[in-house]
Amino acid sequence: MYFSVVIPTYNRKPILEKCLRALEAQQLSSSTVTGYEVVVVDDGSTDGTLEWLSSNQSEFPHVRTFEQNHAGPAAARNLGVEKANGDIIIFIDSDLVVTETFLQSHADALVAGQAQLGSDKFFTYGAVINTANFENPTSEPYKITDFSAAFFATGNVAIPKHWLEKAGLFDTGFQLYGWEDLELGVRLKNLGIKLIKCPQAVGYHWHPAFNTDQIPNLIDKEIQRGRMGVLFYQKHPTWEVRMMIQMTLLHRILWGTLSLNGFLNERTMLPVLRWLISIGKSQLALELARIFLNWYNVKGVYQAYAEMKPNLS
């Protein structure tokens, strides 16, 4: 098999460098992998990403670079798949730092899956560990909050290219934040594509440690995610999707109750969040902030649903 690692990027130059160096350090220990390439699609970055890649090209022999005007990750991944030479596509994000055995672990799982199922009608899903440690991201231990029940998420998956093409690639109608990968996952599942977990293929997802300056942007993302969730439901009006996007009475009651109907919000909780951050508990502060962030998401879902309802009937 020949891998094409497809990476969309937008203004992530510092962590992208770590991402690409980790991919250049891969240890392939079997003849099942004939080679690999790293397809980086720059989505209109303004931080000098393309200039840096061009001036350091000799350090990244596996990297092929493409660019597009800022159109979002769905369009960037589609371009990456179109340009990819590999028969197996691996999606990761540009803020993911992988271990040296990352590609080999996916290869081993793909070989085992082929033997188990007798076909290539599956994809492998690696592990993603969240970390705020920029200097040494791979030192982060696995946490219960790293668990994901998603069927198909582009943080760390390997899938035959022809199944992506048959499913129709990513829907570029998802212009705002969220859901474009899980929506493709529904179409893949409808084709009968199965998921095989591959916990040995580990990627460390870096993000800055939570601080209160991030709150307005996080709220905006939750509102966007709510709007895109309704687009997801418009394409796939099922109970499973309603549960995924939190468009149920259960979620309204749950997050309405936990937030005391919005009383616990970014203003009333600010002193507690700042105190937790000051004593080095930024992750706990973020988990508490999810009380009002999820409430914004649920409200965003229902507001978008009310606006789109004529199109859903």
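The values are calculated or read from the model by the stated rules, or taken from the named source; none is laboratory data. Worth saying up front: this structure is predicted, and the values here are computed from it rather than measured. FYI the Cβ positions are ideal-geometry reconstructions off the backbone, even for glycines, and counts take in every protein chain you see. In case anyone asks, the SASA skips ligands and DNA or RNA and just uses the protein heavy atoms, side chains included. Shrake-Rupley method; radii C 1.70, N 1.55, O 1.52, S 1.80 Å.
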Tally of residues being in a helix (DSSP H, G or I) and not β-branched (Val, Ile, Thr) across region 205-238: 19
Matching residues, region 245-276, being open to solvent by less than 90 Å² (accessible area, probe 1.4 Å), not in a helix (DSSP H, G or I) and not charged (D, E, K, R): 246, 247, 248, 259, 262, 264, 265, 268, 269
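Quick grid of which residues meet (1) outside any strand (DSSP E or B); (2) surrounded by 16 or more Cβ atoms within 10 Å (Cβ to Cβ):
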{"site": "53", "(1), (2)": "yes, yes"}
{"site": "65", "(1), (2)": "no, yes"}
{"site": "69", "(1), (2)": "yes, no"}
{"site": "74", "(1), (2)": "yes, yes"}
{"site": "77", "(1), (2)": "yes, yes"}
{"site": "82", "(1), (2)": "yes, no"}
{"site": "86", "(1), (2)": "yes, yes"}
{"site": "90", "(1), (2)": "no, yes"}
Residues being without any contact (Cβ under 8 Å) to a residue 60 or more places away in the chain and hydroxyl-bearing (Ser, Thr, Tyr) - total across region 225-255: 2
Members of region 99-123 found to be touching a Ser or Thr at 6+ places or on another chain (Cβ under 7 Å) and part of a helix (DSSP H, G or I), listed by number: 104, 106, 107, 109, 110, 111, 113
Of all residues making up region 92-134, the number that are aromatic (Phe, Trp, Tyr) and surrounded by fewer than 20 Cβ atoms within 10 Å (Cβ to Cβ): 1
Residue, most open to solvent (accessible area, probe 1.4 Å), within region 215-224, restricted to residues that are without any contact (Cβ under 8 Å) to a residue 60 or more places away in the chain and within 19 Å of the chain's Cα centre (by Cα): 217
Single residue of region 149-187 satisfying the filter (farther than 21 Å from residue 95 by Cβ, part of a helix (DSSP H, G or I) and of a type in the set (Asp, Glu)) that is least open to solvent (accessible area, probe 1.4 Å): 183
Residue in region 194-204 that is in a helix (DSSP H, G or I) and either of a type in the set (D, E, K, R) or surrounded by fewer than 20 Cβ atoms within 10 Å (Cβ to Cβ) (or both) present: no
Selection count where residues are closer than 30 Å to residue 141 by Cα and either in contact with a Cys (Cβ under 6 Å, 6 or more places away or on another chain) or hydrophobic (A, V, I, L, M, F, W, C) (or both), scope region 204-252: 9
